[in-house]
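Data block below; observations after.
No value in this document is a laboratory result; all are computed from the given coordinates. These numbers come from a predicted model, not from an experiment. Quick reminder, even Gly has a Cβ in these numbers, built from the backbone with ideal geometry, and neighbours come from all protein chains shown.
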Amino acid sequence: MQRGGIAIERILLLSMGFGTGHNAAAKALECQFAKQRPHLSVEVVDLLKLIPGSFHPLLQSGYQGMLNKFPTLYHYLYDWTHHNKIIRYVSSEMIEKMGWTIRKKLSQLFPDEPARIVTTHPFGTLLCPADWENVLTVGVVTDYELHPIWLARVPDVLCVPKQLLRRGDLERIQWKTGLKLLETGIPINPAFYEEVSALEARLQLGLDPNRPVVLIMGGGTGLGPLEQIVEELKGFTWIQFVVLTGKNHNLYQRLKKKHDCPHILIEAFRRDVALFMSAADLLVTKPGGLTISEAIAKRLPMFLFEAFPGQEEANQQYLLHHRVAMITRPSTIRIQIEKFFSPGFNRQRIRERFTPLLSPGASRRIVRETLTAKEPVVQTL
């Protein structure tokens with residue numbers, strides 16, 4: 001296809017597999033490109049996989065290990081790069097210097113530079129080969145905060161969640177950086193925007209259609225105090241609890257052994273999370289960017305526990321600000337559940353607050369912008 005005199009033959013979609021959100025957003029965009037431009041070459045690259053095999057698992061476990069064992073240290077590192085320009089500059093320079101392996105492999109994989117680059121991780125623009133500097137880049141923010149590392153090497157277009165920034169902030173960032181800032185929303189699997197009634201979903205899943213459903217999740221790896229939460233809630237026999245343990249097999253086995261109750265359903269990794277969210281009245285979860293984006297699409301109120309410092313705290317604050325979630329912990333969740341399902345509590349009002357946050361056309365708009373954005377003007381003396 002032709003845009004502005006330049007043939008667009010290849011789109012390079014970059015992500016970085018820390019957690020699941022960046023890769024999931026890239027997958028949603030890949031599917032949308034295939035739908036809108038089936039003859040276009042779109043290649044997805046997880047930059048983490050370009051790091052040597054002996055170092056890659058260490059890097060991944062180091063990231064997860066820091067979050068699990070040293071959350072305060074991670075908080076300081078995240079916060080420093082957020083607020084301190086000098087540390088942010090040094091961090092971006094270190095990322096660029098340490099990324100020589102990634103840049104070399106990208107050059108080998110793609111000797112002819114792509115026509116467009118879309119990245120769902122801020123490192124994507126920092127780790128591209130130097131001779132790609134004139135390729136048009138589109139950044140896609142997958143958490144509910146615009147971390148300044150996105151502006152260390154400014155993309156030409158930056159797509160952010162709905163209602164994240166005030167209009168004045170949007171205009172100020174565009175004026176200072178020259179980028180085009182769009183409130184597209186976060187791209188997710190379109191199944192989460194499909195209209196499925198709670199009754200229909202419960203019948204498909206074999207749940208009692210007449211009793212409330214509370215969905216409990218700990219992300220793809222089943223993190224957080226899920227065992228304590230289930231223990232606290234098991235006495236509410238008039239509520240159906242569905243616990244998704246993700247890929248945490250040990251947690252699944254422990255919960256299955258301990259809670260052989262008809263009103264508590266323990267499930268391992270499931271691909272039909274959208275259907276479970278349609279069936280649920282409430283989601284109890286960690287505030288990961290992917291999970292809460294899916295819950296927003298389903299207008300599903302949330303109780304949030306143990307937000308990791310950094311992105312998850314920002315995600316949590318976003319939901320609290322828009323009054324669609326509240327913070328919980330094992331010691332308070334029973335009282336909160338009783339209040340949530342009490343006759344006088346207006347759950348429908350919470351669902352209505354999701355309306356300005358919805359972005360069913362996020363993938364479609366990002367793809368359209370990628371294909372139609374004007375090439376950056378290269379000025380020479």
Worksheet item: Order of 362-374, 34-46, 288-300 by packing, highest average Cβ count within 10 Å first?
Response: 288-300, 362-374, 34-46
Worksheet item: region 217-273 to region 344-359: how many Å between their Cα centroids?
Response: 26
Worksheet item: By counting other Cβ atoms within 10 Å of each Cβ, how are T332, T119 ranked from fewest to most?
Response: T332, T119
Fill in: Greater than 20 Å apart at Cα, pairs in K162/K339; K162/K374; K257/K339; K35/K162; K104/K180; K234/K257
K162/K339; K162/K374; K257/K339; K35/K162; K104/K180
Worksheet item: Summing Lys, Arg as +1 and Asp, Glu as -1, what charge do residues with Cβ under 12 Å from the Cβ of E312 carry, E312 excluded?
Response: -3
Practice prompt. Could you rank the peptides 126-139, 201-214, 231-244 by their average count of other C-beta atoms within 10 Å per residue, with the highest value first?
Written response: 126-139, 231-244, 201-214
Practice prompt. Using a 10 Å cut-off on Cβ atoms, rank the peptides 251-259, 270-278, 348-356, 191-199 from the highest mean neighbour count down.
Written response: 270-278, 251-259, 191-199, 348-356
